[in-house]
Each structure stands twice: as C-alpha cells, then as structure tokens.
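Here the structure is laid out as structure tokens; the discussion comes afterwards.
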C-alpha cells in the first residue's frame, strides 16, 4: 500500500506468495510426502509399486528413481527431492530410495527443532557439521578389497539384487554381472576404469530369467535384410555407414510428366542404375558385412545378396557408434569416400535366433571389451524391471572395482554413524548440538525402515544392534530374512562406500537447501490468467 492509499502491484495478477515459516513448512511437508511414497520399497522385504500413466502404460518397480520419475509431481519442494533420486541414479546407480527417505527424515527432524524455536540457520550449521563428520567416519570405517576378490564382488551384486524381483536368480545373475564388469574393466596407470556403457543390455521376451546369458561381444537387435545373405562370416570386413542406401525423396511435392511407355521404362532404368551404382561402390570396397543406420533399398539388397554381402539396416545410432569403435571401422557418410582403411573387422559376425527373433552377434572385435547381457523374461513389465535391477547391480560392482571400498549393510553403517555423531555432538555449542543430534537420529531411519518393511520391531532390532556395538561388533545389522541381528560382513551383505557417501552427502545437501528457503513465489498457468510467461503449473520449476 502506498502513502496515497493506492495499492502498488509488484507481482503479476494470479501470482501467489508464501513467506517465512509457512514456506519452510510447505517444503518440509512436500519432502516428507515424497519420502513416505517410497519408504515401503526400501530393503529386501520392500514392496513394489504399480504405476499407471495417462496412456495406460504400466510400470511395476521398487526402484526409487523409477517410482519418482513416473509420478507427476507438482510442488517445487517435492520436485527438488525427486531430483535427488535422479542424481543418485546418475552418479552411483543405486541407493535411490535411501537418499529420498533420508532427506525426508532430516527435514522431519528439522521440523521438530523449528517447533522448539531453533532458527533455520542454526539447524543448517549443525547439519553441515554432521554431514562432514559423517563422510569422514564413513571413509575411516571402509573395508578395502581388491578386484581379485571375486566372492566379495558376487556378494555385493547379490546385495544390490536382494530387494528386487531378480532375487530368485541372484546367484546366476551376480556371476553374469561380475563377469561383465571384469570383462570391460581397464587399468590405466594405477586407476581402474569400469565403463557401464560397454555393457549392452538386450531384452527378449520368452522363457525365464534363468535363460539370461552373457555374450563376450556386441549383440545387435537386428537381422540381415535379405534371406539369401550369408548368416555367418569369419574375419569379415565390416562397413559402417550412416547414409541412406536408397533414392532420396524430394522434400517438396514434385510432379513428373511421363507420356509414353518408353519414358516410364527410361525412368525406371535410370533409378535402377543409380541404385546399382551405390551397390557397386560397396561391393568394390571389399566389405562383406554392412551396418547401415538408415534404410537400404530392396534393389540394393538384391545386389548385395548376389555378391555374398550381408547387410543390416536401421541400426540404432548408439549401436552404429559401438560397432565402429570395437571393429576399428570409420563411419562413412559418403559412398565416394570409402577406402579399405575405413573397414573394420572381427573374428566372427553371425546371425542367431533367440526367442524366435534373429539377432546379429559380433565377437572377437580387435578394439572391443564390449559385452552383452541378453535378458529373458515372461512379460514386457518384468523385462523392464529385470533391466533396472541388473543396471543397479552393474553400477554397484563398477563402484567397487573403481573404489575398492565397502561398508556393511543391514543398517549397520548408519547405526555406527549415529553413535559417533552423538559423541561428536557433545563438543558442539548447545543449539548446534541439537541439530547434530537430529542428524544422528535421522540416520536411524534406514535400519528402522528395514525392520518395519520386514515386519520386525524397529526398537527391538536397534536395541539388539546397540548391544553388539557395545561389544565393538560394528558390522552387525538387520537380516530381514532371518528376523535377527547378524554379522553383515560374515553374511557378505556389503555395499559400496560410494553409494552411502553419495546418499548421505546429497540428502544432507538437499535438506540444507530447503531449510534456507523462506519465500515461494508461484504464478498461475498463462492459459488461465495470463500469468508469467514460461510457467507451467501452479508451482513452477525453479521459482522457489
């Protein structure tokens, strides 16, 4: 209101604003709701979620990142927490549920402190101290292994799969995952690099998960385009091309005036000669296997088949790049540029039938440490979940090969952190001490949730764990299958240090950022009230 009594309009009509503690509590509430949505899926006894989108497509999963990606979230605070799961998935490939549950609990504990009139800045300061101390304790208590410790690698992969539906075949799949990552692992100086992108996953419906197999080479989900083409070639010369092997259609409507049968024949012969010219260039190159990113005309297919050249068309760009990389081929964009040095090679290129579909196998490529996992399953939904589970296991083994550092699972490491943080809190100023203790208590949500999801009493389980910890048995955690507290190290229930490190770091960072927000400005949709341009919903991205 101005001095003249006239209102001064600063924000556009339809814009709403939430300030102070209300803004803070809104964000906390949104984060808590998101955490509750995924909490029941944590751990080996966690439940699955069935998600149905606007088109009726169904996803069945207990993967935190997938659940949150499929949910249409509107609140900006909730969106921020959803991004946490995406980041966790991109960075380390596992722990997506844990990071969201932990962030929600950190904010819930912060809300209790706000009720005691503790200032958000004090809570933020305590959380920062607790975060740094937690990461320090994590590193200090890491268990070191080597890449030669195959059994530990298998146990880690099985731990990752323990909460997924692939648990029924975890022994076989863990061996496949470990073999895959050891095959693509490279040593550069003193560092180990294990690139997950070199593990290709092909899904084929039919049979059961037990039929899943590892192929030491690249499997391309395509078939040779002509029935007369050879289906198996030893030491082939491979041409990789991303140009259309067909007559290009004009980009605008064109009419051709033909008045006599002779002109029709000339037009057909001219087109045929152009296609033969393309085929001749490929034949003269010396190639006997062709992978084309775009289409191949039927006429060219016939010419290539006559010359005993096998060709696959409309191969995915990612596969084209992989084929070029592992065979040493150069991707050709112009047929006139083909030279013999552009051709790649491999020990074997062969078309094989899998589940009624033909696939092309490229094995023994000179530059290749690429492997393929061919997943089998009964339905499309199941295959998708198998793929997500195997990807998580691959990520976990990758983390171990690169870091060589583990921590015990079953909530053991969280209890250790919680106990050590309580001791650390004693040395802090009174109000900061409360925030550090809140952080310490929030960490216990992981073992508590593991117990709850297994139908166990969380208070009883944590009490029993504390008894073991008092005897310096720091690797004892909850075994949801036996319903007892047991030695996780002895059971082989171990997790990568990198996963826990990223989860605690990201969850704390998210809580700190949301606790610093005291103003939310949102605009209505432009189509409704002429709100601010670029805003897409009641609570826009990035405007909080």
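The values are calculated or read from the model by the stated rules, or taken from the named source; none is laboratory data. Given the structure is predicted, the values throughout are model-derived calculations rather than measurements. When we count neighbours, we look across all protein chains shown, and the Cβ atoms used for this are built from the backbone with ideal geometry, even at glycine.
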Filter region 490-511 for residues that are buried (at least 22 other Cβ atoms within 10 Å of the Cβ) and within 18 Å of residue 151 (Cβ to Cβ); which is farthest from the chain's Cα centre (by Cα)? 493
I need every pair where a residue in region 23-52 that is closer than 28 Å to residue 456 by Cβ and outside the structural domain of residue 495 (by TED's automatic domain parsing) has its Cβ under 8 Å from the Cβ of a residue that is modelled with pLDDT of 90 or more and in a loop (DSSP other than H, G, I, E, B), sequence separation at least 6 or different chains. none
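Filter region 46-62 for residues that are out of contact with any strand residue (DSSP E or B) (no Cβ under 7 Å at 6 or more places or on another chain) and modelled with pLDDT of 85 or more and give the result. Give the steps one after another, and end with the answer.
First, pick out the residues of region 46-62 that are out of contact with any strand residue (DSSP E or B) (no Cβ under 7 Å at 6 or more places or on another chain): 46-47, 53-57.
If the condition is that a residue be out of contact with any strand residue (DSSP E or B) (no Cβ under 7 Å at 6 or more places or on another chain) and modelled with pLDDT of 85 or more, then 46, 47 are the ones that fit.
Looking only at region 335-358, how many residues end up being in a loop (DSSP other than H, G, I, E, B) and either modelled with pLDDT under 90 or not assigned by TED's automatic domain parsing to the domain that holds residue 248 (or both)? First the steps, then the outcome.
Step one: list which residues in region 335-358 are in a loop (DSSP other than H, G, I, E, B), which gives 338-339, 343, 346-347, 355-356.
With either modelled with pLDDT under 90 or not assigned by TED's automatic domain parsing to the domain that holds residue 248 (or both) added as a condition, the list becomes 338-339, 355-356.
The total comes to 4.
For region 443-528, please list each of the helices (runs of 4 or more DSSP H) lying entirely inside it that holds at least 3 residues being modelled with pLDDT of 95 or more and farther than 30 Å from residue 25 by Cβ. Give the steps one after another, and end with the answer.
Numbers: elements: 445-453, 458-470, 488-491, 497-515.
The helices (runs of 4 or more DSSP H) meeting that bar are 458-470.
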Can we say residue 419 is in contact with a helix residue (DSSP H, G or I) (Cβ under 7 Å, 6 or more places away or on another chain), surrounded by fewer than 24 Cβ atoms within 10 Å (Cβ to Cβ) and not assigned by TED's automatic domain parsing to the domain that holds residue 134? no
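Looking at region 268-308, which of the residues that are part of a loop (DSSP other than H, G, I, E, B) and more than 30 Å from residue 197 (Cβ to Cβ) is farthest from the chain's Cα centre (by Cα)? Talk me through it step by step, then tell me what you get.
Within region 268-308, the subset part of a loop (DSSP other than H, G, I, E, B) is 285-288, 293-295, 297, 307-308.
Filter once more, so that each one left must be more than 30 Å from residue 197 (Cβ to Cβ): 286, 297, 307-308.
On the way: 286: 41, 297: 37, 307: 43, 308: 41 Å.
Looking at the filtered set, the residue picked out is 307.
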Restricting attention to region 359-370, which residues are surrounded by 20 or more Cβ atoms within 10 Å (Cβ to Cβ) and either part of a loop (DSSP other than H, G, I, E, B) or out of contact with any strand residue (DSSP E or B) (no Cβ under 6 Å at 6 or more places or on another chain) (or both)? 365, 368, 370
